[in-house]
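Engineer: Handing you this structure, nothing more for now.
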Amino acid sequence: MLKVSQLVGLRVFTPKKPKTQKDGTVTERLQRLGKVHNAVFSPDGRSVVGMLVKRPDVAGVIKRDDAFVALDSFELASRPEDGLDDAAIRRLGLDWDVCIIWSGMDAKTVEGKPLGYVSDAEFNEKTGEVSRFSSTDGGVAHALLGSFVITPDMLRGYCDGCMIVDA
């Protein structure tokens, strides 16, 4: 299983058109897309559908929108033509406006008891299916007490900026 925290901060590259040398050999080339900074979850919140990649600023000044990279497009050259942004969203059949980014969101029970915030999610790298979420109160609490595990069967949804789970 893979954790979202293992991907955050990793550099993402996309394939460029291969270059043919004078001797006939072909050189594969890569272009830097940016760094992973968030996971995107399906509208039901139970699976990872892709990652948001923070792209570098143009000339260090002009901010660019994040790129969405579909989960099944992380292997080099697996889906370069429809693995990014709008093409990936269309191919996956996603309604972008109802997808969720759980990382950093508060979590509470259906009764309203706060559980901290969602600090991580463990998921199958092939299917995106989440096996567990981690919730914590902060750095010191996490170091001393660890994190509270939320399994997908406990997940009830999203309301008012919070993940809602069974008690």
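Engineer: Enumerate the whole-percent occupancy of each 10 Å bin, from 0 to the last occupied one, for all C-alpha pair distances of region 1-50.
Structural biologist: Once binned at 10 Å, the Cα pair distances of region 1-50 give 22, 32, 24, 16, 6, 1.
Engineer: Using the structure shown, list the pairs from Lys54/Lys113; Lys17/Lys54; Lys35/Lys113; Lys63/Lys113 with a Cα-Cα distance above 32 Å, or answer none.
Structural biologist: Those over the limit are Lys54/Lys113; Lys35/Lys113; Lys63/Lys113.
Engineer: Pull up all non-local amide H partners of Asn38: gap of 5 or more, or a different chain, and H-to-H distance under 5 Å with H placed in the peptide plane.
Structural biologist: Close amide H contacts, sequence-distant or interchain: Leu52.
Engineer: Which whole-Hz couplings ³J(HN,Hα) result when phi for each residue of region 57-67 is put into the Karplus expression 6.51 cos²θ - 1.76 cosθ + 1.60, θ = phi - 60°, listed in order with x for Gly and Pro?
Structural biologist: Computed from phi, the couplings for region 57-67 are 5, 7, 6, x, 10, 8, 6, 10, 5, 5, 9 Hz.
Engineer: Tell me, in nm to one decimal, what length is gained between Glu111 and His37 on full extension, where the rule is 0.36 nm per residue of separation less the Cα-Cα distance?
Structural biologist: Here the segment from Glu111 to His37 would lengthen by 23.5 nm.
Engineer: Sticking with this structure for a sec: Please build a GNM for the chain, connecting alpha carbons under 10 Å apart, and tell me which residue among Val26, Val40, Val110 fluctuates the most.
Structural biologist: Val26
Engineer: How far is the Cα center of region 94-139 from the Cα center of region 1-70, in Å?
Structural biologist: If we compute the Cα centre of each part, the gap is 22 Å.
Engineer: Taking the Kirkwood radius as the inverse of the mean 1/r across Cα pairs, report the Rg/Rh of the chain.
Structural biologist: 1.06
Engineer: Over the heavy atoms of Phe13, what accessible area does a 1.4 Å probe trace out, to the nearest 10 Å²?
Structural biologist: In the full protein context, Phe13 sits at about 100 Å².
Engineer: Follow-up question, since we're still on this one. HN-Hα J couplings of region 151-157 from phi, Karplus 6.51/-1.76/1.60, θ = phi - 60°, integer Hz, Gly and Pro as x?
Structural biologist: 8, x, 6, 7, 5, 10, x
Engineer: For n ≥ 4 DSSP H runs only, could you compute -39500 (n - 2.57) per run for the chain, divide by its residues and tell me the 222 nm figure to the nearest 500?
Structural biologist: The helix-only estimate for the chain comes to -2500 deg cm²/dmol at 222 nm.
The values are calculated or read from the model by the stated rules, or taken from the named source; none is laboratory data. Predicted, not measured: the structure shown is a model, and the values here were computed from it. Side chains included, ligands, DNA and RNA excluded: accessible areas come from the protein's heavy atoms. Shrake-Rupley method; radii C 1.70, N 1.55, O 1.52, S 1.80 Å.
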